[in-house]
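Asks: One structure follows; several queries about it will come next.
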Amino acid sequence: MHPVTGQDVPDETARVQAWEYPNAHAAEWPDADFIVGNPPFIGGWRIRQNLGDGYVEALWRTHPVIPQKADYVMYWWDHAAALADEGRVRRFGLITTNSITQVFQQRIVQRHLDAGLSIAFAIPDHPWVDSAD
């Protein structure tokens with residue numbers, strides 16, 4: 001703050017590193033019959049905060065069908081589901097989030113259900129230990 005005007009004054013020494021990913025592309029997954037995993041969870045509203053502007057912009061460019069407010073884990077879910085849709089895997093099982101039924105996540109799931117995928121087993125709510133606990 002400027003001592004006289006009370007206005008914010010830019011600090012020329014305050015810098016934040018910004019990363020760019022000009023040739024970003026979706027990762028290739030190895031061939032498998034089954035996919036089982038616990039993908040990283042970051043709520044859709046915290047992805048930019050946790051991964052940075054450049055990563056998020058590259059993520060959105062390489063996955064345009066995923067709503068930008070979807071949770072980070074849904075990128076794994078969508079990719080595993082696409083592999084199942086294509087017959088490249090027999091089944092997949094992922095630890096996701098109970099928010100999978102919320103609007104932005106549901107759009108991803110519904111697209112695959114409409115293509116013929118079915119959910120064989122789901123636990124709707126399971127106790128979870130957060131790092132804050």
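Asks: In the stretch 13-49, which residue that is of a type in the set (Gly, Ala, Ser) and part of a loop (DSSP other than H, G, I, E, B) is most open to solvent (accessible area, probe 1.4 Å)?
Replies: Here the answer is 18.
Asks: Is it the case, given these coordinates, that residue 63 is touching a residue at least 12 places away in the same chain (Cβ under 8 Å) and either under 15 Å from residue 44 (Cα atoms) or of a type in the set (Lys, Arg) (or both)?
Replies: When the stated conditions are applied, residue 63 passes them.
Asks: To continue, here is another question. May I ask you to list pairs of residues, at least six apart or on different chains, whose Cβ atoms are under 6 Å apart, with the first in the stretch 102-127 being in contact (Cβ under 8 Å) with a residue 40 or more places away in the chain and the second being surrounded by 10 or more Cβ atoms within 10 Å (Cβ to Cβ) and outside any helix (DSSP H, G or I)?
Replies: 104/67; 104/69; 104/70; 107/67
Asks: With the requirement that a residue be open to solvent by less than 70 Å² (accessible area, probe 1.4 Å), over 15 Å from residue 41 (Cα atoms) and under 14 Å from the mean Cα position of the chain (by Cα), what does the stretch 82-129 give you?
Replies: The answer is 106, 108, 109.
Asks: Among the numbered criteria (1) assigned to a loop (DSSP other than H, G, I, E, B); (2) within 27 Å of residue 82 (Cβ to Cβ); (3) free of Cβ contacts under 8 Å to residues at least 12 places away in the same chain, which single criterion is violated by residue 7?
Replies: Among (1) assigned to a loop (DSSP other than H, G, I, E, B); (2) within 27 Å of residue 82 (Cβ to Cβ); (3) free of Cβ contacts under 8 Å to residues at least 12 places away in the same chain, residue 7 violates only (2).
Asks: Just checking, how many residues over the stretch 64-78 are touching a strand residue (DSSP E or B) at 6+ places or on another chain (Cβ under 9 Å) and open to solvent by less than 70 Å² (accessible area, probe 1.4 Å)?
Replies: 2
Asks: Oh, and also: Which of (1) hydroxyl-bearing (Ser, Thr, Tyr); (2) in contact with a helix residue (DSSP H, G or I) (Cβ under 9 Å, 6 or more places away or on another chain); (3) in a loop (DSSP other than H, G, I, E, B) does residue 75 not meet, given it meets every other one?
Replies: Of (1) hydroxyl-bearing (Ser, Thr, Tyr); (2) in contact with a helix residue (DSSP H, G or I) (Cβ under 9 Å, 6 or more places away or on another chain); (3) in a loop (DSSP other than H, G, I, E, B), only one is false for residue 75: (3).
The values are calculated or read from the model by the stated rules, or taken from the named source; none is laboratory data. Nothing here was measured: the structure is a model prediction, and the numbers come from that model. Positions of Cβ are generated from backbone atoms using ideal geometry, with glycine treated the same way; all protein chains shown enter the neighbour counts. Surface accessibility is based on the protein's heavy atoms, side chains included, excluding ligands, DNA and RNA. Shrake-Rupley method; radii C 1.70, N 1.55, O 1.52, S 1.80 Å.
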